[in-house]
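Working notes, beginning with the structure itself.
The values are calculated or read from the model by the stated rules, or taken from the named source; none is laboratory data. Nothing here was measured: the structure is a model prediction, and the numbers come from that model. Cβ placement follows ideal geometry from the backbone for every residue including glycine, while neighbour counts extend to all protein chains displayed. These accessible areas exclude ligands, DNA and RNA; they are computed on the full protein's heavy atoms, side chains included. Shrake-Rupley method; radii C 1.70, N 1.55, O 1.52, S 1.80 Å.
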Amino acid sequence: MTPAVVNILLLSVPLAFGVLHGDEEYRNFAKGKFYVFCNGDSTLPSIDIVDPETLTVTKSIPVSGMTEWADAVYMERCDDKSTFVFANDRSDGVYVVDALAQRVNSRIPISDRPVHSYGMYTRQEFWTHADGDGYFDVISLQDTSKLSHEDIVAHISVPGHGKLLWDPDLGNTAYASNVGEAGVFQLDLETKAITRMWNFTDYSTGHPLHCPGTHGLAYSKVNKHVYATCTSGVGLIELDSVNFGIITRHDFATGGQAYESPDEKYIVTIDRGNNLVHIIRPNENGALSSQAFDSINATAVGSAGKSPDKVAFHTLADGTLRIFFSLVGPASESSGVGWFDTKDLDNGGVTNLNNIAGGGVSGNHRAINDGGGFIATPMTVPFSGIMIIDAESGTLKGRVPTNSNPQRIVWVPEEYTGLTCGKDGDDDNELTSGQIAGIVVGALVGSAVVVFILICVVKSYRSNSKKMDVPKHAQNLEEAKEEVKEGSMLEGASVTGV
């Protein structure tokens, strides 16, 4: 059997968070619990709350029998210190959970088949992608009883499974993928609309930039490049967000998932079809990233665990990283979690992952999450529950039985932390009356200068914009629609929503 591939992109200098779920900063908060989202079999679906210290379920919250869980994310509202967990129900809804009270506040109907979700703390907004309709829907934390924006288009003509790339470094710009169309879409987060796209429809099979559909996304603050995994296993395409150019397609870096590490040095992509790890080193803006290390086998020596699916990161006491991978094969106790330490890359290299056995899953996908110094992953074999791993020692702390068929896991602090508040103009960034008065006076004094500068800038822009040579693939939405009508955007959409 062909092993699965994990692709790791190593950056020589730090990069800011790339693809964010939005709750990464809370995972180092020591006190908290894992929320386990269980589909149930003969029982009602539920949210089981697990204490990793005592290895017990402290509370189980039953929900509608029609619920089928997908992504969930923890968020905090900065103005009144409320805490929430937003959880997608694939059948067309989002559950809003009061994390402090440990109760469901509401279930909000949304577009068809939501899978991936994002806690955009810089905007105090929860975003979710509905695969069936190809839309994003948004809930503002200022009113969690309803959608603030709905049916934000994330495709041209064929809706499909996709993800969202946002980052504080990108400001009001974000990027969206779609396995059903050959491109990456640029969105304006303020207007909630597609503004343009990297369009790959001209690149047919055999072309070095052929990318029939896109799935995983990552972003490097170092070179300001966007990385997108291509469907059909053709590789990872590297894009320049500054000049809106296509850099290259890394053919060896196959895989459908893309992640970024919290130490700002690594991008990780995963391909379950092979058992290798590939490492790429991004360089300066506009320059080709380069392969840096030999491939790593994702199966541990003497272990049966294989087929990595998702990633979790832990910062060790010495400041280096340990990267954990959920394993979906085999469906037995010999499966579990694989891992390696990044410091070993430069110290003789890494040839195989280590393995922590304890339980398997019967499906093709397996969540994994970190929090409070622990790693947690669902299991359905030999029983339904979760494995809890001591991240520092890399050993199994224990297994906790839960309701049947656990799907997703989220780390939830036991109290409001404020870790993401006061950032990028949040409510906590309040000015004193003296500061406000100073700003007003300064604005009045400088207003004439500002007006003069703006007039000069506008005149210069109008003159220079006529000379801009926009790349063929950097089309606006209307141009892209016209090209899609003529051709090949639908080829090879082989990734399913996970």
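Between Rg and the Kirkwood Rh of region 73-157, both from Cα atoms, what is the Rg to Rh ratio?
Reported Rg/Rh (Cα atoms, Kirkwood Rh): 0.97.
With each label point set 7 Å from Cα along the Cα-Cβ vector, what nm distance links ASP346 and ARG281?
The two pseudo-label positions are separated by 1.0 nm.
Using mean Cβ contacts within 10 Å as the protection proxy, how do 344-352, 207-215 order, highest first?
Details: 344-352: 13.9, 207-215: 21.9.
Top of the packing list down: 207-215, 344-352.
Kindly report the accessible area of region 56-201 per residue (heavy atoms of protein chains, probe 1.4 Å, no ligands, DNA or RNA), in Å².
31
How would you rank 275-281, 363-369, highest first, on the average number of other Cβ atoms within 10 Å across their residues?
Listed from highest to lowest mean packing, they are 275-281, 363-369.
Leaving out ligands, DNA and RNA, and with a 1.4 Å probe, what % of the accessible surface on region 44-104 is carbon or sulfur?
Working: 1060 of 2180 Å².
Answer for region 44-104 is 49 percent, counting heavy atoms of protein chains only.
Take THR58 and GLU190, extend 7 Å from each Cα along the Cα→Cβ direction, and tell me the distance between the two endpoints in nm.
That separation, rounded to one decimal, is 4.2 nm.
Computed over the Cα atoms, what is the radius of gyration of region 201-336 divided by 2.2 N^0.38 Å, N being its residue count? Walk me through the numbers before you get to the answer.
Values: Rg = 15.8 Å, N = 136, 2.2 N^0.38 = 14.2 Å.
Relative to the rule-of-thumb radius for its length, region 201-336 sits at 1.11.
Using amide H atoms built 1.01 Å from N in the peptide plane, name the residues 5+ places from LYS221, or on other chains, whose amide H lies under 5 Å from its own.
ALA16
Rank ASP98, ASP48 by accessible area, highest first, at a 1.4 Å probe radius?
Numbers: ASP98 30, ASP48 5 Å².
Ranked list, largest accessible area first: ASP98, ASP48.
Say R0 is 41 Å: what FRET efficiency, to the nearest 0.05, do PHE383 and HIS149 get from their beta-carbon distance?
With R0 = 41 Å, the Cβ-Cβ based efficiency is 0.45.
What ranking of ASP188, ASP80 comes out by heavy-atom accessible area, probe 1.4 Å, highest first?
Descending accessible area places them as ASP80, ASP188.
Could you list log10 I(q)/I(0) for region 104-256 at q = 0.11, 0.13, 0.16 Å⁻¹, which the Debye formula gives when each Cα is one point scatterer?
-0.41, -0.57, -0.84
So what is the relative contact order for region 12-114, in percent, with contacts set as C-alpha pairs under 8 Å and at least six apart?
Relative CO of region 12-114 lands at 16 percent.
According to a simple spin-label model (label point 7 Å from Cα along Cα-to-Cβ), what is the distance in nm between LYS423 and PHE252?
Each label point is offset 7 Å from its Cα along the Cβ direction, giving 3.4 nm.
Which pairs in the list LYS81/LYS265; LYS221/LYS343; LYS146/LYS310 are over 25 Å apart, alpha-carbon to alpha-carbon?
Over 25 Å Cα-Cα: LYS81/LYS265; LYS146/LYS310.
If the chain between SER42 and ASP294 were fully stretched, how many nm would it gain, using 0.36 nm times the residue separation less the Cα-Cα distance?
86.0 nm
For region 330-375, evaluate the Debye formula with one uniform point scatterer on each Cα (no solvent term) and list log10 I(q)/I(0) at q = 0.15, 0.17 Å⁻¹, rounded to two decimals.
The Cα Debye sum returns log10 ratios of -0.52, -0.65.
Which order do GLU76, GLU25, GLU284 take by accessible area at a 1.4 Å probe, largest first?
These residues rank, largest area first, as GLU284, GLU25, GLU76.
Let a ≥ b ≥ c be the square roots of the eigenvalues of the Cα gyration tensor of region 41-98; is it rounded (a/c under 1.5), or, if not, prolate (a/b larger than b/c) or oblate?
In terms of gyration-tensor shape, oblate.
Using 29 Å as the Cα-Cα cut-off, could you pick out the over-long pairs in LYS59/LYS192; LYS33/LYS423; LYS192/LYS423; LYS59/LYS306?
Checking Cα-Cα distances, LYS59/LYS192; LYS59/LYS306 exceed 29 Å.
Can you pull the Rg over Rh of region 317-416, Cα-only, Kirkwood?
0.99
What whole-number distance in Å separates the alpha-carbon centres of region 403-424 and region 309-346?
21
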